[in-house]
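Peer 1: Would you mind keeping the following structure in view while I ask a few things?
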Ligand code: PMP
């Protein structure tokens, strides 16, 4: 029987199932999604409960209160800020905004697995460029390149391009090409001399920085992200983004999270300290662990990745396996890091 005709490109996009199994039987130790391990602060829960009383009404489609709070936090004007239902929604808007036949998007690879998917969905050609180094990325820009996307720190490797390298790269991107810095993990960066793209916006109208409330602010379940860029670009992206997509509960929670930023970011300090402890212990145990400036570590186990991933699963620990490349483990809380460490060291002792 004939079936409805959908876009052929969908056949080539792998289903996004990073959490297969995770939600049927929540693993004892969830270290696969780079979430905040900390329980929501009581003030946040109270703000969410209070916002729930108004859910018979539509949310503010312009997210005015949250936009104002973000503008204040980052010392920019409100017309530079756009809020979305998670930063993925804003990345999708960016891809769609440049998506027309012949357009191409380039990004370093290995990086966030959603980038090629968003490119396919938007109908743009995607050009993954082997890391490392932003200089090699700049060399790959062609007249068809409409968007250069850099995940900084990079998911899943944790690599971070610092101030000078970043500035030199940005200076090489032509003004007709958008450059997007995905800073989902920026709050975890401790590299000396680190610069956020937010500090470099002023002189570069083609630069857009995306951030999220899903990691350091602990609101992954509510779906809120934002971008900061040139007002003219922000206005156009606002037309692509679905109106009403950020719920009123999410908007209120994010405003409250910004009010609580000092306390939430102290929790990030604890995660960073755990990152160092875990990396040192793994390295001492014989693992190769590159420096990470995010809330996860990357174990480049190449051909042994799947085996190690299964070992962790069997030990009740969810990690992310990139078959043939490596395993990404989030820095968690409670005893989860120790449980992972013990499992990893057992694997080594067992001949891994
Ligand atoms: N960018 C990167 C690099 C990520 O790792 C993630 C989440 N894993 C996102 C964006 C999306 O985050 P969210 O949609 O929750 O803001």
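The values are calculated or read from the model by the stated rules, or taken from the named source; none is laboratory data. What you see is a predicted model; the values in this text were computed from it and never measured. All Cβ positions, even for glycine, are placed from backbone atoms using ideal geometry, and neighbour counts span all protein chains on display.
Peer 1: From the list 181, 90, pick out the single residue that is within 16 Å of the ligand (Cβ to nearest atom), over 30 Å from residue 279 (Cα atoms) and buried (at least 19 other Cβ atoms within 10 Å of the Cβ).
Peer 2: Result of the check over 181, 90: 90.
Peer 1: I'd like the residue in the stretch 222-251 that is in a loop (DSSP other than H, G, I, E, B) and touching a strand residue (DSSP E or B) at 6+ places or on another chain (Cβ under 9 Å) and, out of all such residues, is surrounded by the fewest Cβ atoms within 10 Å (Cβ to Cβ).
Peer 2: Out of the qualifying residues, it is 242.
Peer 1: Out of all the residues in the stretch 51-75, which are more than 18 Å from residue 240 (Cβ to Cβ) and within 22 Å of the chain's Cα centre (by Cα)?
Peer 2: 66, 69, 70, 71, 73, 74
Peer 1: Going residue by residue through the stretch 317-325, is there one that turns out to be more than 19 Å from the chain's Cα centre (by Cα) and touching a residue at least 60 places away in the same chain (Cβ under 8 Å)?
Peer 2: yes
Peer 1: Would you point out which residue out of 210, 145 is buried (at least 21 other Cβ atoms within 10 Å of the Cβ), on the phi < 0 side of the Ramachandran plot and away from the ligand (no atom under 15 Å from the Cβ)?
Peer 2: Only one candidate qualifies: 145.
Peer 1: Quick check on my filter: what residues within the stretch 100-109 are surrounded by fewer than 19 Cβ atoms within 10 Å (Cβ to Cβ) and touching a strand residue (DSSP E or B) at 6+ places or on another chain (Cβ under 9 Å)?
Peer 2: Passing the criteria: 100, 102, 103, 109.
Peer 1: What about residue 33, is it under 18 Å from the mean Cα position of the chain (by Cα), in the same structural domain as residue 340 (by TED's automatic domain parsing) and on the phi < 0 side of the Ramachandran plot?
Peer 2: Yes: the conditions hold for residue 33.
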